[in-house]
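The values are calculated or read from the model by the stated rules, or taken from the named source; none is laboratory data. Predicted, not measured: the structure shown is a model, and the values here were computed from it. A quick note on method: Cβ atoms are made from the backbone with ideal geometry, for glycine too, and the neighbour counts reach across all protein chains shown.
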Amino acid sequence: MAVAWTACAHARANLDEMPAQVEARYGAGTEVAARAEYLARDRNFKRAINVREFSHEGYKIFVTFDTGRSVSETFARLDGKPLGENEIAAFLKQNDFGQKWQEQQVDASAALQVIQKTTDAKTRDALRDSMVMRQWKLGDSLCATYYGGGTLVVETSASHVFRKGPIITL
């Protein structure tokens with residue numbers, strides 16, 4: 001367990017960082033998605049959203065930038081195994097801004113019933129992987145979600161509301 005904590009402590013990106021700060025830590029990432037959109041309230045303001053992928057010390061990390069600032073970070077193990085408790089705790093700690101994350105109640109019973117009734121193995125696996133297993137909040141501005149496939153997403157609340165689910169399928 002100490003090994004997982006140590007590796008995780010180095011595989012970190014912090015919300016609100018600029019691309020240069022993230023790339024200084026991991027090296028050049030690969031851009032996997034980009035788009036620009038106009039905000040409805042102000043047609044003159046164009047926001048640029050891009051997602052960069054990094055592989056670092058046993059983790060696959062996707063960082064979503066909105067107008068040059070990190071708003072969402074997705075963490076998964078390169079070996080495909082689920083994140084352990086110590087890894088989850090370390091990733092949350094790296095983005096706690098000195099506050100305490102509050103775990104939220106998640107009722108997965110309805111989703112589990114649907115998954116159990118699904119006969120197609122690929123569909124069942126996809127449903128399980130995207131199922132919310134655990135959630136945390138940090139004040140009104142940050143949230144974190146751990147999905148059944150072993151992926152942790154830490155993001156600003158605005159980013160979470162905007163996309164309503166995982167942005168990247170690992």
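Points to keep in mind about this one:
- Of the listed requirements (1) of a type in the set (D, E, K, R); (2) crowded, with 17+ Cβ neighbours inside 10 Å; (3) part of a helix (DSSP H, G or I), Lys93 misses just one: (2).
- Among the conditions (1) at pLDDT below 70; (2) surrounded by fewer than 20 Cβ atoms within 10 Å (Cβ to Cβ), Ala11 misses just one, which is (2).
- Residue-level analysis places Val106 among those that are assigned to a loop (DSSP other than H, G, I, E, B), in contact (Cβ under 8 Å) with a residue 12 or more places away in the chain and closer than 19 Å to Gly149 by Cβ.
- Residues that are among the hydrophobic types (A, V, I, L, M, F, W, C) and either closer than 16 Å to Gly150 by Cα or out of contact with any Asp or Glu (no Cβ under 9 Å at 6 or more places or on another chain) (or both), drawn from region 66-87: Phe75, Ala76, Leu78, Leu83
- Meets criteria (at pLDDT 80 or above and farther than 22 Å from Gly150 by Cα) for Ile49: yes
- Verdict on Glu87 being modelled with pLDDT of 85 or more, of a type in the set (Asp, Glu) and not in a helix (DSSP H, G or I): no
- Within region 119-131, restricting attention to residues that are assigned to a helix (DSSP H, G or I) and hydroxyl-bearing (Ser, Thr, Tyr), the residue that is nearest to Glu57 (Cα to Cα) is Ser130.
- Any hit, region 111-118, residues being of a type in the set (Gly, Ala, Ser) and part of a loop (DSSP other than H, G, I, E, B): no
- Test: residue in region 69-79 that is under 27 Å from Val51 (Cβ atoms) and either assigned to a helix (DSSP H, G or I) or modelled with pLDDT under 85 (or both): no
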